[in-house]
1. All but one of (1) surrounded by 14 or more Cβ atoms within 10 Å (Cβ to Cβ); (2) within 30 Å of residue 89 (Cβ to Cβ) hold for residue 111; which doesn't?
2. Just checking, how many residues over region 138-155 are assigned to a loop (DSSP other than H, G, I, E, B) and under 15 Å from the mean Cα position of the chain (by Cα)?
3. May I ask you to say which residue of 228, 219 is within 13 Å of residue 53 (Cα to Cα) and in contact with a strand residue (DSSP E or B) (Cβ under 9 Å, 6 or more places away or on another chain)?
4. Return the pair list, or none, for Cβ contacts closer than 6 Å from residues in region 163-180 that are under 30 Å from residue 219 (Cβ atoms) to residues that are modelled with pLDDT under 90, at least 6 apart or on different chains.
5. For the condition in a loop (DSSP other than H, G, I, E, B) and either in the same structural domain as residue 204 (by TED's automatic domain parsing) or under 19 Å from the mean Cα position of the chain (by Cα) (or both), what is the one hit in 162, 94?
6. Within region 161-172, can one find any residue that is more than 17 Å from residue 60 (Cβ to Cβ) and in contact with a strand residue (DSSP E or B) (Cβ under 8 Å, 6 or more places away or on another chain)?
7. Going by what's in this entry, would residue 189 be described as out of contact with any helix residue (DSSP H, G or I) (no Cβ under 8 Å at 6 or more places or on another chain) and closer than 21 Å to residue 116 by Cβ?
8. Residues 110, 156, 131, 117: which one is in contact with a strand residue (DSSP E or B) (Cβ under 9 Å, 6 or more places away or on another chain) and modelled with pLDDT under 95?
């Protein structure tokens, strides 16, 4: 082969390699973009989705034995979290919820006063929550069924409501000899400042479908709202669209 022929072949070979390299780079770039979009957006057409999360914050108190005072209360600040899960009307396939699991509870920023505990719903039909030792938990499972029942830790397999309590206990002692006390004023009368009881926590939520697919997200929130001091109660509503779900590989 002449030098000219060799040169032409080498040019073609180099051009061929260049084209292949460009194609590989383009594929890698497209894959990276897909990965980054999934990392940011997560699943964009899930069979079930969070519509909202409502957090109702109140003040409670436990009696302390005291023969010298009419009232002796150990103050507690309760935060009842309700998560509403709806079927995605844009999802065309028929799916069913097998289980929803809440776990990996973490205190992100701790309150200056009090101790944080988590509680599952009570079995007492008259009370959704009771801050009792028997209901304390670090993980909670709601089983998919025909209907929604918080007391039995059951959610409808086509969507419904789950809930748990995040309580800040042993915030302060309140002692009084007044004829009556107003629970909504107890934090203020005990000279508790909002900065002393505010905190944030996070937890993971997994939705397991009957077909074995698992979707997972992490939820974080700051509680309570500042008006808890003045009013003894406050509420927060979080938009479910803000939570990113991703598939879990088992």
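The values are calculated or read from the model by the stated rules, or taken from the named source; none is laboratory data. Remember, predicted model here, so these are calculated numbers, not experimental data. With ideal geometry, Cβ positions are generated from the backbone for all residues, glycine too; neighbour counts draw on all protein chains shown.
1. Unmet for residue 111, out of (1) surrounded by 14 or more Cβ atoms within 10 Å (Cβ to Cβ); (2) within 30 Å of residue 89 (Cβ to Cβ): (2).
2. Looking only at region 138-155, we keep the residues that are assigned to a loop (DSSP other than H, G, I, E, B), and these are 138-139, 146-148, 153.
From what's left, under 15 Å from the mean Cα position of the chain (by Cα): 138-139.
Residues in region 138-155 being assigned to a loop (DSSP other than H, G, I, E, B) and under 15 Å from the mean Cα position of the chain (by Cα): 2 in total.
3. Working: 228 fails: within 13 Å of residue 53 (Cα to Cα).
Exactly one of 228, 219 is within 13 Å of residue 53 (Cα to Cα) and in contact with a strand residue (DSSP E or B) (Cβ under 9 Å, 6 or more places away or on another chain), namely 219.
4. none
5. Working: 162 fails: in a loop (DSSP other than H, G, I, E, B).
When all the criteria are applied, what remains is 94.
6. So the first thing to find is which residues in region 161-172 are more than 17 Å from residue 60 (Cβ to Cβ), and the list is 161-162.
Remaining after also requiring in contact with a strand residue (DSSP E or B) (Cβ under 8 Å, 6 or more places away or on another chain): 161-162.
Yes, the conditions are met somewhere in region 161-172.
7. Working: out of contact with any helix residue (DSSP H, G or I) (no Cβ under 8 Å at 6 or more places or on another chain): yes; closer than 21 Å to residue 116 by Cβ: no.
No, not satisfied.
8. Working: 110 fails: modelled with pLDDT under 95; 156 fails: modelled with pLDDT under 95; 117 fails: modelled with pLDDT under 95.
Just a single option satisfies the conditions, and that option is 131.
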